[in-house]
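Taking it in order: structure first as structure tokens, then the write-up.
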Amino acid sequence: MTDSKGKNLTEYEIRRRRRNLLLQASVTLFALAILAVYLMPMAYGVVTSLKSKAQTSDPGAPVWPAEALSFEYEGEGYDILQVPTENGIRHWALVKKGRRASQFIDPANPAGGLIDWEGNWRQLEPVREFAVQWDNYPRAWNTIDFARLLANTLLYAFVTMVGTVISSACAAYGFARFNFPFKNLLFMVMIGTIVLPPAVTLVPKYAFFINVLDWGGTWLPLIVPAMFGNAYNIFLLRQYFLTIPREMEEAAQIDGAGRVRTFVAVILPQAVPALTAVSLFHFFFAWNDFFEPLIYLAGNREANPITVGLTEFNGLYSSETQLILAAAVIAMIPPLAIFFLAQRVFIQGIVVTGVDK
Amino acid sequence: MDMFTEFGAARGQARWSIRAALRLAGAQREEAKWGLLFIGPWLIGFALFYLAPMIVSFLFSLYDFTLTAPDDAVFVGIDNWRRMLADDPKTWETLFVTFKFALISLPIGMVSAFLLAVLLNSQHLMGRNIMRTLFYAPTMVPLIAAILIWSRVLNPQTGWLNQMIQVTGIQAVGMDGLRWLDDPSLIYIAYTFIGLWGIGNAILINLASLQGVPTELYEAASIDGAGWLRQLWSVTVPMVTPVIFYNLVLSTVGLLQYFIVPYVLNDGNGYPEGSTNFYMIYFYKQAFPFQNMGYGATLAWFMFIIGLAITIFLFWSGRFWVYYAGESRS
């Protein structure tokens, strides 16, 4: 009895494991297939940024970066084509084009002179060689003046990051720990600003910054408002501060620390993960910011951030696909790199604002 | 608790009495002073960059006012509003375009985020952490870079999307193929693809919510004979409705301001056949290139009213379909 029961169990176990393995393999393969399609444009961007301009617009060209070979004969360059002959396909350079018959030269034996070939040369495929145009990257970098765009973007991102994190942390502490009149009302108003379309405040802000303060073409209309905190950051930091036990602050206050001292010396060191997440969010926001730089910096190309610079570049050099994609790849490397390094804090931060936990 | 739940909690506890606020004494007064000091920076910023501009924006809407000649501003009463609502066909055309696109892109985006989260939460998926990171990666690509890449991937001749579709046997490449960015009947799908590169946050909060569903629920459903699909629909979906609601509100408000993709791709000129004349593009043109501050402010205020109406409607409807665990549904 026990024997047969034990045997049955192992059989059941084997079947269960086999089924699990099959399920595991199919789910994983399915996910990989979706991932391949989802990330395909990224691969396209990188591969195409390494092609020559001629190849990017040629539908018949191979997927990988390649270059059509040519051969120099008597001081001039001629394309090498794949020519079918009685002795199989030969790689010959096309010297004299004709509709019915053309003349070729064999690059391996130029001394042999011109070779007559019957047929339409237009139907012949060029000979291609794997050739990566690394050169596109420095060319894109210089054409777009990426160093200046990068400096503008980084300056904006860091200055506003420091300002918004400090003021958001103060406000978050106020909402987390103190009772004051209309606290709940103000808190509701703060969350309300998240669903407020920025357009509704934009026109008077624009008129005021441009006409009254004469800040047109400078970064001030973007930097100054960021110094007063932001609802997302305040909310996220408040949620974090609420999880810090009050005992630590009470102990500090018994030791004679004031409110500000308690905040700086007790709360902030406890909240490093949340402060990091908020700093990263702001950094990515600034890196992506487009609409406000577009309207406030209009007329001052020197001050452009990466986003606006890329857009102008796309308008001016729209036929230079390989350069535009190289610039796009350069622009996506820093945020992707930071994300891969700091993903844990970052993901935790996103989850806090949107999940009931 | 998530942002909107906290909003509801604050609404439940809000005190509206000014007299009570002034009656504070002693320690309470001291605490209130410090609280206000700490939120001070935000409060000043709110007054200067939200409250005041909103009021002034409304006042602007009552004037005919251009920045090039600010001294010639004329009070016109409700003329701007009448023009916008009755005389200017562009208002409704651009709103229609915006809603049409939202109705296509919103469901696709939200369902994709939910299903990808289910996939990434699967016990059977190998390498879950690396998969999650990779599925999130496109969200980190700056939107402008993403648009530039997608505009070439969607090229009818040389783009990889059509070449991939061609492999399956469908005629996609070439002039008679799928002209994603030139065909008014495909353009919203093309824009939705670009949008799918930004659903990482929605995937993440869906995922976090899925991880919070108690396993007992699945066990109970399984004992009752519910299959995978039935469990997904009857257990998983109701448990993640708060997250779906949160994503729905933020995406709707975001789509009302849809601007960057059509602006970068074709300068906001509506190509092809006016199908990309979004409301925000129209507002931008009136307010900035034309410097039409009065009419621009009117369009902006109307956008605010529409956004507010939709948000209130969504919050009201949420009572019927958003399920908060631990709360009784009455």
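The values are calculated or read from the model by the stated rules, or taken from the named source; none is laboratory data. In this text, all values refer to a predicted model and were calculated from it rather than measured experimentally. Note that each Cβ is placed from the backbone with ideal geometry, even for glycine, and that neighbours are counted across all protein chains shown. Accessible surface areas use protein heavy atoms only, side chains included; no ligands, DNA or RNA. Shrake-Rupley method; radii C 1.70, N 1.55, O 1.52, S 1.80 Å.
If we keep just the residues of region B:149-166 that are within 8 Å of chain A (Cβ to nearest Cβ) and aliphatic (A, V, I, L, M), which is surrounded by the fewest Cβ atoms within 10 Å (Cβ to Cβ)?
B:M164
From the set of residues in region A:324-339 that are free of Cβ contacts under 8 Å to residues at least 60 places away in the same chain and more than 7 Å from every other protein chain (Cβ to nearest Cβ), which is nearest to A:F281 (Cα to Cα)?
Per the stated criteria, the residue is A:I338.
Spot the failing condition for B:L115; the list is (1) more than 30 Å from A:R18 (Cβ to Cβ); (2) facing chain A (nearest Cβ under 10 Å); (3) assigned to a helix (DSSP H, G or I), and only one is missed.
It is condition (1) that B:L115 fails.
Would you mention how many residues in region A:62-114 are basic (K, R), in contact (Cβ under 8 Å) with a residue 24 or more places away in the chain and in contact with a Ser or Thr (Cβ under 9 Å, 6 or more places away or on another chain)?
Residues of region A:62-114 that are basic (K, R), as a first pass: A:90, A:96-97, A:99-100.
Checking which are in contact (Cβ under 8 Å) with a residue 24 or more places away in the chain leaves us with A:97.
If we keep only those that are in contact with a Ser or Thr (Cβ under 9 Å, 6 or more places away or on another chain) too, we end up with none.
The number of residues fulfilling the criteria is 0.
Can you name every residue in region B:175-197 that is of a type outside the set (F, W, Y) and in a loop (DSSP other than H, G, I, E, B)?
Within region B:175-197, B:M175, B:D176, B:G177, B:L178, B:R179, B:L181, B:D182, B:D183, B:P184, B:S185, B:L186 qualify.
For the structure I just gave you, tell me whether B:W42 is within 8 Å of another protein chain (Cβ to nearest Cβ), open to solvent by 40 Å² or more (accessible area, probe 1.4 Å) and part of a helix (DSSP H, G or I). Break it down into steps so the answer makes sense when it comes.
On the way: within 8 Å of another protein chain (Cβ to nearest Cβ): yes; open to solvent by 40 Å² or more (accessible area, probe 1.4 Å): no; part of a helix (DSSP H, G or I): yes.
Considered against the rule, which asks whether it is within 8 Å of another protein chain (Cβ to nearest Cβ), open to solvent by 40 Å² or more (accessible area, probe 1.4 Å) and part of a helix (DSSP H, G or I), B:W42 comes out as no.
Is it the case, given these coordinates, that A:N142 is within 30 Å of A:G45 (Cα to Cα) and touching a residue at least 24 places away in the same chain (Cβ under 8 Å)?
No.
Please enumerate the residues belonging to region A:263-295 that are open to solvent by 20 Å² or more (accessible area, probe 1.4 Å) and away from chain B (no Cβ under 13 Å).
Of everything in region A:263-295, those that are open to solvent by 20 Å² or more (accessible area, probe 1.4 Å) and away from chain B (no Cβ under 13 Å) turn out to be A:A265, A:V266, A:P269, A:Q270, A:V272, A:P273, A:L275, A:T276, A:S279.
Determine if region B:185-197 includes at least one residue that is of a type outside the set (A, V, I, L, M), open to solvent by 20 Å² or more (accessible area, probe 1.4 Å) and away from chain A (no Cβ under 14 Å).
yes
Has region A:135-156 got any residue that is of a type outside the set (D, E, K, R), over 22 Å from the mean Cα position of the chain (by Cα), over 26 Å from A:V264 (Cβ atoms) and assigned by TED's automatic domain parsing to the domain that holds A:G299?
no
Starting from region A:1-30, keep only residues that are modelled with pLDDT of 85 or more, then list their pairs with residues that are of a type in the set (G, A, S) whose Cβ atoms are within a distance under 8 Å, requiring at least 6 positions of separation or different chains.
From residues that are modelled with pLDDT of 85 or more, the pairs are A:V27/B:S122; A:T28/B:G127.
Which pairs turn up if I take residues in region A:196-222 that are facing another protein chain (nearest Cβ under 7 Å) and look for partners that are among the polar types (S, T, N, Q) and part of a helix (DSSP H, G or I) with beta carbon separation below 7 Å, at least 6 apart in sequence or on another chain?
These pairs meet every condition: A:V200/B:S57; A:T201/B:S57; A:V203/B:S57; A:P204/B:S57.
For B:Y324, which of the numbered conditions (1) within 8 Å of another protein chain (Cβ to nearest Cβ); (2) assigned to a helix (DSSP H, G or I); (3) in contact with a Pro (Cβ under 9 Å, 6 or more places away or on another chain) fails to hold?
B:Y324 satisfies every listed condition except (2).
Please go through region B:233-273 and give me each residue that is over 24 Å from B:V111 (Cα atoms) and open to solvent by 30 Å² or more (accessible area, probe 1.4 Å), ordered by number.
Looking only at region B:233-273, we keep the residues that are over 24 Å from B:V111 (Cα atoms), and these are B:263-273.
Passing the criteria: B:Y263, B:L265, B:D267, B:N269, B:Y271, B:E273.
Just checking: which of the helices (runs of 4 or more DSSP H) contained wholly in region A:244-309 hold 1 or more residues that are farther than 30 Å from B:E31 by Cα and at pLDDT 90 or above?
A:272-288, A:291-296
Which one of these does A:T28 not meet: (1) among the polar types (S, T, N, Q); (2) assigned to a helix (DSSP H, G or I); (3) open to solvent by 40 Å² or more (accessible area, probe 1.4 Å)?
Failing condition for A:T28: (3).
Which helices (runs of 4 or more DSSP H) sit wholly inside region A:163-242 and have at least 3 residues that are open to solvent by less than 40 Å² (accessible area, probe 1.4 Å) and under 27 Å from B:L299 (Cα atoms)?
Counting at least 3 such residues, we get A:183-192, A:199-207, A:220-226.
Please work out if B:P53 is in contact with a Lys or Arg (Cβ under 6 Å, 6 or more places away or on another chain), open to solvent by less than 50 Å² (accessible area, probe 1.4 Å), assigned to a helix (DSSP H, G or I) and of a type outside the set (F, W, Y).
yes
Can you name the helices (runs of 4 or more DSSP H) wholly within region B:198-301 that have at least 1 residues being within 8 Å of chain A (Cβ to nearest Cβ) and under 30 Å from B:M131 (Cβ atoms)? Write out each step before concluding.
Details: elements: B:200-211, B:215-223, B:228-231, B:237-256, B:260-266, B:279-287.
Result: B:200-211, B:237-256, B:260-266.
Can you find a residue that is facing chain B (nearest Cβ under 9 Å) and in contact with a Gly (Cβ under 8 Å, 6 or more places away or on another chain) anywhere in region A:46-58?
no
Determine which member of the set B:S251, B:S185, B:S234 is in contact with a helix residue (DSSP H, G or I) (Cβ under 8 Å, 6 or more places away or on another chain) and without any contact (Cβ under 8 Å) to a residue 60 or more places away in the chain.
Exactly one residue qualifies, and that residue is B:S234.
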